[in-house]
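> Here's a structure for you.
Read the figures in this text as sums done on the coordinates, not as results from a lab. What you are looking at is a predicted structure, and each value in this text was computed from that prediction instead of being measured. Note that each Cβ is placed from the backbone with ideal geometry, even for glycine, and that neighbours are counted across all protein chains shown.
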Amino acid sequence: MPNAHHSAEDCPAPSVLGAHARSLAVTPIAFVQAIVQAYEKYGKNPAQALHSAQIKPNFLLNPRHRISALQMERISGAAMQELDDEALGWFSRRLPWGSYGMLARASISAPSLGVALQRWCRHHGLMADDISLKLATTGDQATLTITEHRELQALREFCLVSVLRNFHGLACWLIDSRIALQGAQFPFTAPAHQDVYGVLFSGPTTFDAASAAISFDARYLTLPLKRDEAALRQMLKRALPLTVLQYRRDRLLVQRVRQALSTQPANTHSASDLAALLAMSPRTLHRQLKDEGASLQALKDEVRRQRAQDLLLRTHRPIKQIAEASGFQNEKSFMRAFKGWTGQSPAEFRHAVGAAPGSPGR
């Protein structure tokens with residue numbers, strides 16, 4: 001994958017591939033060609049780097065050729081050291097060895113992911129003014145946008161892809177979570193190897209956009225960092241980049257719990273049932289919800305109340321059926337909970353508001 005870092009003074013660019021996929025040849029040769037162009041820019045020979053990654057020179061002549069993620073990591077790491085440029089020739093001046101490690105250190109003490117990423121954007125601009133990074137939120141969506149201040153020319157695709165991958169990978173590492181992307185966009189025509197973008201970026205990818213950007217749920221930005229300086233030092237010593245798929249499940253567990261409670265009320269009566277459905281232990285379920293500032297009981301109340309009120313208003317179902325459909329094991333416990341939520345019994349609520357036409361079986 002693009003821009004793999006390999007130094008104890010350096011910040012690895014996470015790959016989206018797992019251990020099995022890392023051996024598959026899915027990385028386009030176009031990214032290797034971009035690295036070779038960086039060697040040409042600095043007047044150096046890429047032969048040793050190509051050899052270390054077991055990439056034969058004739059591979060570069062076939063635009064359809066693919067290499068494995070491991071090969072890409074090896075040639076990227078070798079090139080960064082030989083060229084003393086972690087940006088691999090993208091910018092008008094080098095980013096010397098250790099630059100991205102310095103950026104990571106500047107972000108690690110932040111109180112939340114949002115603050116850490118804002119620091120990353122600001123400090124990146126101090127190192128390389130060829131582009132600027134802007135993190136903004138609109139409603140529930142956060143978007144990182146790259147603005148280009150000069151022509152990136154032949155290295156444009158490799159640069160934009162790598163900068164977005166670095167940002168996403170760092171964010172995932174900082175909160176020890178896979179951050180699902182809602183989409184990615186690029187300001188160039190879809191390349192011949194556009195299929196690889198589905199591996200590089202989760203969510204839909206669009207081309208011919210106004211700028212390069214990735215979007216994700218803004219609630220990630222409020223989460224506290226799960227890493228410290230000791231973890232950073234250890235991470236920077238790793239020989240290979242981090243892998244996003246090694247991270248724990250999406251930390252927005254609240255969203256997954258809400259969905260499970262809403263769609264499978266009969267299978268989520270207890271914490272044990274719900275935890276099993278989400279492939280985790282009850283203890284982990286409670287702990288991760290606490291990390292996100294939520295509790296299972298509060299989420300249950302929220303989902304069940306909404307479901308019950310909706311059924312009372314939209315249908316003429318008997319109270320007993322609504323209790324069952326809302327995830328309660330009996331009518332008595334449902335009526336007690338509902339009165340606690342609204343100050344009314346289910347029948348009083350339905351009578352006061354007035355149910356819409358419907359059928360008991362609806």
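> Taking only DSSP H segments of four or more residues, each worth -39500 (n - 2.57), what value at 222 nm results for the chain once the sum is divided by all its residues, to the nearest 500 deg cm²/dmol?
Working: 15 runs with 164 residues, N = 362.
After summing the helix terms and dividing by residue count, I get -13500 deg cm²/dmol.
> Take the Cβ-Cβ distance between Gln306 and Glu229 as r, set R0 to 45 Å, and report the resulting FRET efficiency rounded to the nearest 0.05.
Values: r = 43 Å, r/R0 = 0.96.
So the FRET efficiency works out to roughly 0.55.
> Let me ask you something else. Label 7 Å along Cα→Cβ of Arg150; the range 81-115 residues with amide nitrogen under 13 Å?
89-95
> Once Rh for the chain is found with the Kirkwood sum over Cα pairs, what is the Stokes-Einstein diffusion coefficient at 4 °C and 1.567 mPa s, in µm²/s? Present the calculation step by step, with values, prior to reporting the outcome.
On the way: Rh = 23.0 Å.
For these conditions, the coefficient is 56 µm²/s.
> Taking the Cα centre as origin and putting +1 on Lys and Arg beta-carbons and -1 on Asp and Glu beta-carbons, what dipole magnitude results for the chain, to the nearest 20 debye? Don't skip to the end; give the middle numbers.
Working: 43 positive and 30 negative charges, 259 e Å.
Value, rounded to 20: 1240 debye.
> Hey, another quick one. For the chain, compute the number of Lys pairs whose alpha carbons are separated by less than 18 Å, excluding pairs fewer than 8 positions apart on the same chain.
On the way: Lys44/Lys56; Lys226/Lys290; Lys290/Lys300; Lys300/Lys332; Lys300/Lys339; Lys320/Lys332; Lys320/Lys339.
Lysine pairs, 8 or more places apart or on different chains, close enough: 7.
> How high is the FRET efficiency between Gln344 and Ala294 when r is their beta carbon distance and R₀ equals 25 Å, given to the nearest 0.05? Could the numbers behind the result be given before it?
Numbers: r = 26 Å, r/R0 = 1.05.
For R0 = 25 Å, the calculated efficiency reads 0.45.
> Moving on. State, as an integer percentage, the relative contact order of the chain based on alpha-carbon contacts under 8 Å between residues 6 or more apart.
Working: 623 pairs, mean separation 61.8, N = 362.
Reported as a whole number, the value is 17 percent.
> Sticking with this one: Given a Förster distance of 45 angstrom, what is the FRET efficiency for Asp129 paired with Ala276, based on the Cβ-Cβ distance and rounded to 0.05?
Numbers: r = 52 Å, r/R0 = 1.16.
My answer for the efficiency is 0.30.
> Quick one: which of 166-177, 94-105, 322-333 comes out on top by average Cβ neighbours within 10 Å, and what's the full order, highest first?
Values: 166-177: 22.7, 94-105: 19.8, 322-333: 17.2.
Top of the packing list down: 166-177, 94-105, 322-333.
> Something else: In nm, what is the difference between 0.36 nm times the number of residues separating Gln255 and Phe188 and their Cα-Cα distance? All intermediate terms of the calculation are to be shown ahead of the outcome.
Details: separation 67, 0.36 × 67 = 24.12 nm, distance 3.40 nm.
Between Gln255 and Phe188, full extension yields an extra 20.7 nm.
> If you don't mind, another one. How many nm separate the modelled label positions at Ser333 and Gln48, each set 7 Å beyond the Cα in the direction of the Cβ?
Here the answer is 7.0 nm between the modelled labels.
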